[in-house]
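Asks: Before we start, here is the structure in question, set down as structure tokens.
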Amino acid sequence: MKDYKDFIPGSGADPEEYGVFASSVRKSGKGAYVYTVRTPEGDRIVSESSAGFKGESFARADGMTCVLAEDSHENAELLRELFPFAAPSAVLAEKRTVGTGDRLGLATPGHLRAVSGSGFFPILAQQSVRELTLTGRTFEDVLDCASRAVFREGYTAGWGADGDHLKTPEEVEYALAAGYTMITLDCSAHIKSAKGMSLEELRAACGPYDALKEEYLGKDIELPGGIVIHMSEESLLRALVIYGGAVEFASRIYHEHIKGRPVDFEISIDETDAPTLPEHHYFAARELVKRGVEITTMAPRFCGEFQKGIDYIGDVEQFRSEMKVHAAVAKAFGYKISVHSGSDKFSVFPSVGELTEGHFHLKTAGTSWLEAVKLVSIKDPALYRELHAFALEHFGEATAYYHVTTDLDRVPPLESLSDGELPGLFENSDARQLIHITYGLILTAKKEDGSPLFRDRLYALWNTYEDDYAELLERHIGRHLSMLTGRC
Ligand SMILES: [Zn+2]
């Protein structure tokens, strides 16, 4: 292959022949060409020096001084400034949106292939603080990886960046300062349990509530689609006990940190033990709106189980009937339902799409990691076996971070499987969860001498088979999107 240093943009030469991504070649407002090239160390941005990128200078074949830009945060900031499409924006108001968190910083090309032509707007950078901690990354790094990939692919349709499951004002400010355009506020620490409380106990816990009584009790609460909610005193008090603190917390965060900024605000009440009853969802939404909170999306905790990386566990009919009301509440207050832990919930996707009339946000993340490990099982069975054995050994530690009901006895022993059968493990829910929740341990595991146990070998494989990874993602995420839109 010819060298990228010989490529002269605007000369009519085919960029691909020189190891340059054709979709990336662009002129900045200042007139300097910028493009992404392949190097043995991975993709890098090259620019004519007047653009201002920092890095190693070289003379191009036509004599122009160019820079092989470092993968630094500073350069990513400049990239976003020169090419605004490489910066995230608030896109949640679009009808269909999908969060495609990329824990490895490698999945964006596949995610873009999956969404292109689907009518979905992607939230390409989407990471919780828990994920940052487990992978040893930063909000800046996650966003920069997405920006560089968006630039490389020439994707100009718009995308978002979600600081996911943020729990404190400090975390919210950190994500905002890093340029995130969506804040998902996790209210779980402010949600209380009202389990087993009698009406008397609820009354005692709530104190005077005459104003609320007048607002909620003894009337038909009419929602779009002819849905009517009747709130009993007990249900109202229960809602107040469970969600009262969360409403005050979310309202405070909104007014002190979000209001007036061009960001999408998601309220997450999904990470709790008890499912959000539809009338409680109504209560929380109404109370937030009363306090002037502009909600873009809300994530209730649905009935049944939304465990990571596997299909829905529970009664699909009950899910349907409750989703109908959740969707009507969201419509009444002008926001969208957000479905968390949305990967692989194939049995309820058609209901989500239908009952929300196509207005929803779906969050996925771990499933893209699983596809990356599936690629390892296909391309390097020996490495996969090593990683699988490690995951089995450390599974217990990982369950401190994720709620799963995995039965390791249902994972076939490695020695019973031929190399060709290894990818089949990714059809097995228990094996999926084994690999899913151990991602942080796998990525940060070290040998005795302190060097990474798996990380470097994994990244080398993923870089070599980048196109195969994009293909797996296009197929797998694409299947999510088509089931959600009824195009399957
Ligand atoms: Zn969640």
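The values are calculated or read from the model by the stated rules, or taken from the named source; none is laboratory data. For clarity, every value in this text was computed on a predicted model and none was experimentally measured. Virtual Cβ from ideal backbone geometry, glycine too; neighbours counted across all protein chains shown.
Asks: So in region 37-60, with the set limited to residues that are part of a loop (DSSP other than H, G, I, E, B) and in contact with a strand residue (DSSP E or B) (Cβ under 9 Å, 6 or more places away or on another chain), which one is surrounded by the fewest Cβ atoms within 10 Å (Cβ to Cβ)?
Replies: At the first step, the residues of region 37-60 found to be part of a loop (DSSP other than H, G, I, E, B) are 40-41, 52-54, 60.
Filter once more, so that each one left must be in contact with a strand residue (DSSP E or B) (Cβ under 9 Å, 6 or more places away or on another chain): 52-54, 60.
Numbers: Gly52: 17, Phe53: 23, Lys54: 11, Arg60: 17.
Restricting to residues being part of a loop (DSSP other than H, G, I, E, B) and in contact with a strand residue (DSSP E or B) (Cβ under 9 Å, 6 or more places away or on another chain), the top hit is Lys54.
Asks: Given (1) assigned to a loop (DSSP other than H, G, I, E, B); (2) free of Cβ contacts under 8 Å to residues at least 40 places away in the same chain; (3) crowded, with 21+ Cβ neighbours inside 10 Å, where does Gly63 come up short, assuming only one miss?
Replies: Exception for Gly63: condition (3).
Asks: Additional query: Quick one: how many residues across region 92-105 are under 14 Å from the mean Cα position of the chain (by Cα) and assigned to a loop (DSSP other than H, G, I, E, B)?
Replies: Total meeting the criteria: 6.
Asks: Moving to a separate point now. Can you tell me how many residues in region 75-114 are among the charged types (D, E, K, R) and farther than 29 Å from Thr464 by Cβ? Spell out how you get there, then give the answer.
Replies: Let us first name the residues in region 75-114 that are among the charged types (D, E, K, R), namely 77, 80-81, 94-96, 102-103, 113.
Those still in the list that are farther than 29 Å from Thr464 by Cβ too: 77, 81, 94-96.
Number of matching residues: 5.
Asks: Where residues in region 346-358 are closer than 16 Å to Pro300 by Cα and assigned to a loop (DSSP other than H, G, I, E, B), which of them is nearest to the ligand (Cβ to nearest atom)?
Replies: By that ranking, first place goes to Val348.
Asks: While we're on this one: When only residues in region 323-345 that are among the charged types (D, E, K, R) and more than 19 Å from Phe121 (Cβ to Cβ) count, which is nearest to the ligand (Cβ to nearest atom)? Lay out the reasoning, then the answer.
Replies: We begin by selecting, within region 323-345, every residue among the charged types (D, E, K, R); these are 324, 331, 336, 344-345.
Going one step further and asking which of them are more than 19 Å from Phe121 (Cβ to Cβ), we end up with 324, 331, 344-345.
Numbers: Lys324: 21, Lys331: 21, Asp344: 15, Lys345: 13 Å.
The selected residue is Lys345.
Asks: Starting from region 315-328, take each residue that is within 19 Å of Arg96 (Cβ to Cβ) and list its partners that are at pLDDT 95 or above and of a type in the set (Val, Ile, Thr), counting only C-beta distances under 7 angstrom and pairs at least six apart or across chains.
Replies: Met323/Val352; Lys324/Ile227; His326/Ile337; Ala327/Ile337; Ala327/Thr356; Ala328/Ile227
Asks: Out of all the residues in region 253-261, is one or more surrounded by 23 or more Cβ atoms within 10 Å (Cβ to Cβ) and under 21 Å from the mean Cα position of the chain (by Cα)?
Replies: Checked against the condition, which is being surrounded by 23 or more Cβ atoms within 10 Å (Cβ to Cβ) and under 21 Å from the mean Cα position of the chain (by Cα), region 253-261 yields no hits at all.
Asks: Something else: Restricting to region 128-159, count the residues that are buried (at least 19 other Cβ atoms within 10 Å of the Cβ), in contact (Cβ under 8 Å) with a residue 60 or more places away in the chain and within 16 Å of the ligand (Cβ to nearest atom).
Replies: 2
Asks: Just checking, how many residues over region 283-302 are buried (at least 23 other Cβ atoms within 10 Å of the Cβ) and not in a loop (DSSP other than H, G, I, E, B)?
Replies: The number of residues fulfilling the criteria is 7.
Asks: Any residue in region 278-286 that is in contact (Cβ under 8 Å) with a residue 60 or more places away in the chain and within 16 Å of the ligand (Cβ to nearest atom)?
Replies: No, there is no match, as no residue in region 278-286 is in contact (Cβ under 8 Å) with a residue 60 or more places away in the chain and within 16 Å of the ligand (Cβ to nearest atom).
Asks: Can I ask one more? Please pick out the residue among Arg96, Arg103 that is crowded, with 21+ Cβ neighbours inside 10 Å and touching a Phe, Trp or Tyr at 6+ places or on another chain (Cβ under 7 Å). Talk me through it step by step, then tell me what you get.
Replies: On the way: Arg96 fails: crowded, with 21+ Cβ neighbours inside 10 Å.
Only one candidate passes the filter, namely Arg103.
Asks: Would you please list the contacts, defined by Cβ atoms under 6 Å and residues six or more apart or on different chains, that run from a residue in region 293-309 that is touching a residue at least 60 places away in the same chain (Cβ under 8 Å) and away from the ligand (no atom under 11 Å from the Cβ) to a residue that is in a strand (DSSP E or B) and among the basic types (Lys, Arg)?
Replies: Qualifying pairs under 6 Å: Thr297/Lys336.
Asks: Hey, among the residues in region 162-193 that are surrounded by fewer than 20 Cβ atoms within 10 Å (Cβ to Cβ) and of a type in the set (A, V, I, L, M, F, W, C), which one's farthest from the ligand (Cβ to nearest atom)?
Replies: In this case the residue turns out to be Ala177.
Asks: Conditions: (1) within 25 Å of Asp409 (Cβ to Cβ); (2) away from the ligand (no atom under 16 Å from the Cβ); (3) among the β-branched types (Val, Ile, Thr). Thr367 meets all but one. Number of the miss?
Replies: The failed condition is (2).
Asks: Would you check which residues across region 250-275 are hydroxyl-bearing (Ser, Thr, Tyr), at pLDDT 95 or above and within 16 Å of the ligand (Cβ to nearest atom) and list them? It would help to see each step written out before you state the result.
Replies: Residues of region 250-275 hydroxyl-bearing (Ser, Thr, Tyr): 251, 254, 268, 272.
From what's left, at pLDDT 95 or above: 251, 254, 268.
Listed by number, the list holds a single entry, Ser268.
Asks: Looking at (1) in contact with a helix residue (DSSP H, G or I) (Cβ under 8 Å, 6 or more places away or on another chain); (2) within 15 Å of the ligand (Cβ to nearest atom); (3) over 15 Å from His190 (Cβ atoms), which is the one condition that is false for Ala246?
Replies: Exception for Ala246: condition (3).
Asks: State whether the residues of region 343-357 include one that is surrounded by 23 or more Cβ atoms within 10 Å (Cβ to Cβ) and among the small types (Gly, Ala, Ser).
Replies: Taking every residue of region 343-357 in turn, at least one turns out to be surrounded by 23 or more Cβ atoms within 10 Å (Cβ to Cβ) and among the small types (Gly, Ala, Ser).
Asks: Given (1) in contact with a Ser or Thr (Cβ under 8 Å, 6 or more places away or on another chain); (2) more than 16 Å from the ligand (Cβ to nearest atom), identify the lone condition not met by Leu362.
Replies: (2)
Asks: Looking at Lys379, Lys374, can you tell me which residue is in contact (Cβ under 8 Å) with a residue 40 or more places away in the chain and touching a Pro at 6+ places or on another chain (Cβ under 8 Å)? Step through it out loud before you land on a result.
Replies: On the way: Lys379 fails: touching a Pro at 6+ places or on another chain (Cβ under 8 Å).
Only one candidate qualifies: Lys374.
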